[in-house]
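Written out below as structure tokens is the structure these notes cover.
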Amino acid sequence: MKCASCGTYYPEDKVFCLPCGEILSGEDGQSRLGKYRLLEKLGQGGAGVVYRAQHQDLEQDVAIKILNPHGFNDKKQVQRFKREIQTHSQLQHPNIIRFIDVYEQGEILALVMEILSGCNLKEYINHKGVLPLEETLNIAVAVLSGLEEAHRHGVIHRDLKPSNIFMTDDHQIKLMDFGLAKQTGRYEDITETGITVGTYMYMAPEQIMGKDIGAYTDLYAMGIVLYHMTTAVLPFMSSGGGEFEVMEKQVRKAPQPPKVLNPDIPDELNQIILHLLAKEPEHRPQTCLEVIRRLNHIKEGLTPSLNQQDAKTTFSELNTSVSRLHGEVRESGSGEQSNQTVNFYTLRSAFTIDSKAAPEHPRFDMRHPPALSKATLDRLKSAIAMIPPLPEIWYQVQRIFEDGTSSPADLAKVVAQDAVLTAHVLKSCNSAAYLPAGAKENTDIALALTRMGMDAAQGLVLSAVAPDFKVSAKSSLDVRAIWFHGQAIALFARILSEFSPVVDTQSAVMFGLLHDIGKLVILHMEPDEKLAQLKQHIDQGQDSLLAEIDVLGYSHIDAGMMLALHWKLPRKLHRFIYYHHFPCWQKPETWPPDMQASMMLVHMAHLMLSALMKDTPFSGIWSASYRTHVASSAAILHHPLRLPMKDVSLYSNMRVQLKHLQTLFPDLFL
């Protein structure tokens, strides 16, 4: 017997190459397990390896899950694998992957199952985002039907999540992976007391705390799966504290109603999801059949919507086909063209499709911008001197945010010093953006900031304490639009910074919030006729920076840097204001190396905002301005930023968060 990977020879009675973990092949080059010929490796996990195989007599393709050879040294792992085999052998249901055979000989222990063609639900949500209501209900009923069969045999799955739900090309739903399942009343649990098993983002509170579990535990996980399908986000996410923060939220924090994130969800489905996510097991539905009845009641009022094009789409083609989920674009690099498939509604589509490519030769070298005339410089200085300084509370609040150990209670102590700011925060917290439907309004500033979250509070509080700019009545909405834009970019920069190891969240939020403060100076100092002329130039397609220079004699970058000095803002913000338009025109090699990651992250936040708001009507001065992309800068998105460029669920999450923010600006978006 020979290992195909390392070439080592073994005696005939051996099956695995221990150093490589690969199945050994015979003289004909084929690897076999008894009557099964192994064709290809499909996947590998901590406990085992899954192969596509074929029965040599029946010529039937199957999937074989083989216990990892190193697992034979772990008695509990062997016991758990045998438990999975026993569990599968007794569960025969259309919505559970079908058990076929078991193979056990020497050092080999394997489970033979039907082979499935399609994709798992996690992959599907990542591609599609929020699922249509009818499809969500069909998937949920199918999964619950499979769970009901398991529960009828006393089997608790304990690891229900989208990656363990498979969608076949013939539109069947299959529940998979009973490796962590527990059989009640018949076997002693092999999990050590106090050890938590499962996936923490889908764990019920009792599972996290090591208490007794039951069917209600799987139903809690089903609630999270439903939440994910209807909103494309999870009810409990980490804001920097990792898995322990998520588990803490699972145990103690009430979820935001999914209808707040997706108003199209029927009230009855919203109630079902919240019922499933009750913290106490006795407050949840007790059986799958109860939930199935309620979901079917919703289905009865729907008109089937699956058209022929949808019916022909196979789930296994999601990663390769150019279908309703994909668009084909042509990207150029180094003078050569190549076809690439780009998913719509992803960061990559916002960069590649929704934004324009930068001209090959920049309109001017931003490293050497046009010099300001003495008259223009004097006028800027005089106007900025008239702008009030930032109040002391602004600096106190900023110090709170710069301290990574600060809590909402620390921030509340500072905010409470200012009655106007306190009222503003409470009003925002009790708006539709943060207050669940039917919940009582909050009057406690600490609880309000806790509900809002420190990251969301930063943009809100800092913009609220900024001095009022004296502008004409015509420009008041433009001021609001600039603060909305700053908060939106800060929000998106915060979300994207969570994926990046090189940009700290606090800096990302500050850069996003304040990068355009120079536009406030323009609104403050320029007469209405000049502003109208500037808007006309931008509306006609002229780049906003060039329009500002042509019409005003300076740009918002010039004004922003001078205001940053006047307000005594951090030096790193001065530099960011100067460089933040470089990604629109300049190639990355011209950017300062220490700021490349921050500049590109905030630029990507801009491109996402443009993509999400392209159909939102607003007629402000800068509303027709746009950002371009430099093709070679895409490499920075992958490294060092490491952004998930093809993740549809991230795009959906950002869309939902933007809708929340828009509710705080009803004068702009009613």
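With equal scatterers on the alpha carbons only and no solvent term, can you work out the Debye log10 of I(q)/I(0) for the stretch 560-670 at 0.22 1/Å?
Per q value, in the given order, log10 I(q)/I(0) is -1.27.
On a 1.4 Å probe surface of the protein chains, which of SER497, SER163 comes out largest in accessible area, and what is the full order?
Working: SER497 5, SER163 35 Å².
Final ranking, largest accessible area leading: SER163, SER497.
I'd like the accessible area for LYS35, computed on protein heavy atoms only with a 1.4 Å probe and all protein chains in place. Round to 10 Å², please.
90
How are the alpha carbon pair distances in the stretch 248-302 distributed across 5 Å bins from zero to the largest one, expressed in percent?
Pair shares across the bins are 4, 17, 26, 23, 19, 9, 2, 0.
Kirkwood Rh over Cα pairs of the stretch 623-670 into Stokes-Einstein at 4 °C, 1.567 mPa s: D in µm²/s?
Numbers: Rh = 13.5 Å.
Value of D from the Cα-based Kirkwood radius: 96 µm²/s.
Using the crude model of +1 on Lys and Arg Cβ and -1 on Asp and Glu Cβ, and no other charge, please compute the dipole size for the stretch 571-670 relative to its Cα centre, in debye to 20. If you can, show how the numbers build up before the last one.
Details: 10 positive and 5 negative charges, 31 e Å.
That gives a dipole near 140 debye.
Net charge within 12 Å of ILE387 by Cβ-Cβ distance, Lys/Arg positive one each and Asp/Glu negative one each, not counting ILE387 itself? Walk me through the intermediate numbers first.
Numbers: positive: LYS381, LYS470; negative: ASP468.
Summing Lys/Arg as +1 and Asp/Glu as -1 gives +1.
So, taking all protein chains as they sit and a 1.4 Å probe, how much accessible area belongs to PHE499, in Å² rounded to tens?
PHE499 has an accessible surface of roughly 90 Å² with all protein chains in place.
Which of the three applies to the stretch 573-616, rounded, prolate or oblate, going by the alpha-carbon gyration tensor with a ≥ b ≥ c and a/c under 1.5 meaning rounded?
Values: a/c = 2.59, a/b = 2.07, b/c = 1.25.
Since a/c reaches 1.5 and a/b is larger than b/c, the shape of the stretch 573-616 is classed as prolate.
Could you give the Stokes-Einstein D for the stretch 518-579 in µm² per second, using the C-alpha Kirkwood radius, 4 °C, 1.567 mPa s? Before the final figure, lay out the partial values.
Details: Rh = 12.1 Å.
The estimated diffusion coefficient comes to 107 µm²/s.
Over the heavy atoms of GLU360, what accessible area does a 1.4 Å probe trace out, to the nearest 10 Å²?
Counting only protein heavy atoms, the figure is 150 Å².
In the stretch 211-276, if the dipole is taken from +1 on Lys/Arg beta carbons and -1 on Asp/Glu beta carbons about the Cα centre, which of THR230, MET247, ALA215 is farthest to the positive end?
Toward the positive end, the furthest listed residue is MET247.
Treat every Asp and Glu Cβ in the stretch 501-547 as -1 and every Lys and Arg Cβ as +1, leave all other atoms uncharged, and give the resulting dipole magnitude about the Cα centre to the nearest 20 debye.
Values: 3 positive and 7 negative charges, 7 e Å.
Magnitude of the dipole: close to 40 debye.
Please list HIS580, HIS361 in order of solvent-accessible area, largest first, computed with a 1.4 Å probe with all protein chains present. Can you show the working numbers first?
Numbers: HIS580 5, HIS361 140 Å².
Solvent-accessible surface, decreasing: HIS361, HIS580.
Each residue of the stretch 627-632 in turn: what ³J(HN,Hα) in whole Hz from Karplus with 6.51, -1.76, 1.60 and θ = phi - 60°, glycine and Pro shown as x?
Taking θ as phi minus 60°, the curve returns 10, 9, 10, 9, 3, 5 Hz for the stretch 627-632.
Rounded to the nearest 20 Debye, what is the dipole magnitude of the stretch 521-602 about its Cα centre when Lys and Arg each give +1 and Asp and Glu each give -1 at the C-beta?
Values: 7 positive and 10 negative charges, 99 e Å.
Charge dipole, the stretch 521-602, about its Cα centre: 480 debye, nearest 20.
Collect residues whose amide H, placed 1.01 Å from N in the peptide plane, falls under 5 Å from the amide H of ARG32; neighbours closer than 5 in sequence don't count.
Close amide H contacts, sequence-distant or interchain: GLY26, LEU38.
Would you please classify the overall shape of the stretch 455-495 from the alpha carbon gyration tensor, given that a ≥ b ≥ c denote the square roots of the eigenvalues, rounded means a/c under 1.5, and beyond that prolate means a/b larger than b/c while oblate covers the rest? Let's see the in-between values first.
Working: a/c = 4.38, a/b = 1.87, b/c = 2.34.
It is oblate, given that a/c is not under 1.5 and a/b is not larger than b/c.
With 10 Å bins from zero, work out the P(r) of the stretch 475-553 over every alpha carbon pair and list the percent per bin.
18, 39, 27, 15, 1
With a 1.4 Å probe and all protein chains in place, put PHE244, PHE665 in order of accessible area, largest first.
On the way: PHE244 150, PHE665 5 Å².
Most to least solvent-accessible, the answer reads PHE244, PHE665.
Give the share of C-alpha pairs in each 5 angstrom bin for the stretch 440-518, from 0 to the last occupied bin, in whole percents, shortest bins first.
All Cα pairs considered, the percentages come to 3, 14, 22, 19, 16, 14, 8, 3, 0.
The values are calculated or read from the model by the stated rules, or taken from the named source; none is laboratory data. Since the structure is predicted, the reported quantities are computational estimates derived from the model, not experimental observations. Methodologically, a virtual Cβ is constructed for each residue, glycine included, from the backbone with ideal geometry; neighbour enumeration extends over all protein chains shown. The protein model used for the area step is the full one, side chains on, heavy atoms only, and it has no ligands, DNA or RNA in it. Shrake-Rupley method; radii C 1.70, N 1.55, O 1.52, S 1.80 Å.
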